[in-house]
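Here's the structure, in structure tokens; my notes come after.
The values are calculated or read from the model by the stated rules, or taken from the named source; none is laboratory data. Being a predicted model, the structure only gives us computed values, none of them experimental. Note that we place each Cβ from the backbone using ideal geometry, even for glycine, and neighbour counts take in every protein chain shown.
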Amino acid sequence: MAKGYMVVHLNVTDPEQFERYREKVPATIAKYGGRYLVRGGAMETMEGDELPPRTVMLEFDSVEQAKAWYTSPEYQEIIGLRLGASTGQAQIVEGID
């Protein structure tokens with residue numbers, strides 16, 4: 001089964017509120033078998049339009065598991081912290097077997 005990846009590009013607009021989100025989210029990710037592959041760090045755009053300055057990539061055992069995490073009560077309880085503290089895009093992407 002192909003892995004599932006959550007890819008998020010963010011611009012943090014409220015660092016204090018975002019920090020509260022950042023403290024709470026790892027436990028929700030771990031509960032659904034996810035792990036961080038990328039969590040911020042230096043980024044350089046090589047082609048195309050500039051993306052927001054922060055990228056996060058999570059790996060799950062499947063797309064279904066990634067969706068289960070995203071829609072879980074645990075994550076939905078804290079997602080408002082992220083949405084209120086940043087702008088950007090989030091996608092779930094299917095990996096290759």
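I'd like the residue in region 1-24 that is more than 16 Å from A85 (Cα to Cα) and crowded, with 18+ Cβ neighbours inside 10 Å and, out of all such residues, is farthest from the chain's Cα centre (by Cα).
Looking at residues that are more than 16 Å from A85 (Cα to Cα) and crowded, with 18+ Cβ neighbours inside 10 Å, I get G4.
Name the single residue that is farthest from A2 (Cα to Cα) among those in region 36-93 being of a type outside the set (A, V, I, L, M, F, W, C) and touching a helix residue (DSSP H, G or I) at 6+ places or on another chain (Cβ under 8 Å).
Within region 36-93, the match that is farthest from A2 (Cα to Cα) is G84.
Only residues that are under 20 Å from Y75 (Cα atoms) and among the acidic types (D, E): list them for region 14-61, please.
D14, E16, E19, E23, E59, D61 - these are the residues of region 14-61 that are under 20 Å from Y75 (Cα atoms) and among the acidic types (D, E).
Write out, first by first residue and then by second, each pair whose Cβ atoms fall under 6 Å of each other, whose residues are 6+ apart or on separate chains, and whose first residue, in region 49-76, is surrounded by 14 or more Cβ atoms within 10 Å (Cβ to Cβ) while the second is modelled with pLDDT under 95 and basic (K, R).
Hits for this filter: V56/R39.
Quickly run through region 19-48 and pick out the residues that are of a type outside the set (K, R) and without any contact (Cβ under 8 Å) to a residue 12 or more places away in the chain.
Scanning region 19-48 gives E19, E23, P26, A30, A42, E44, T45, M46, E47, G48.
Mind counting the residues in region 1-41 that are touching a Phe, Trp or Tyr at 6+ places or on another chain (Cβ under 9 Å) and assigned to a loop (DSSP other than H, G, I, E, B)?
Summing the residues that are touching a Phe, Trp or Tyr at 6+ places or on another chain (Cβ under 9 Å) and assigned to a loop (DSSP other than H, G, I, E, B) in region 1-41 gives 4.
Please give the number of the condition P52 fails out of (1) modelled with pLDDT under 95; (2) within 11 Å of the chain's Cα centre (by Cα).
(2)
Provide a single number: the residues in region 25-35 that are under 17 Å from L81 (Cβ atoms) and surrounded by 15 or more Cβ atoms within 10 Å (Cβ to Cβ).
The qualifying residues number 3.
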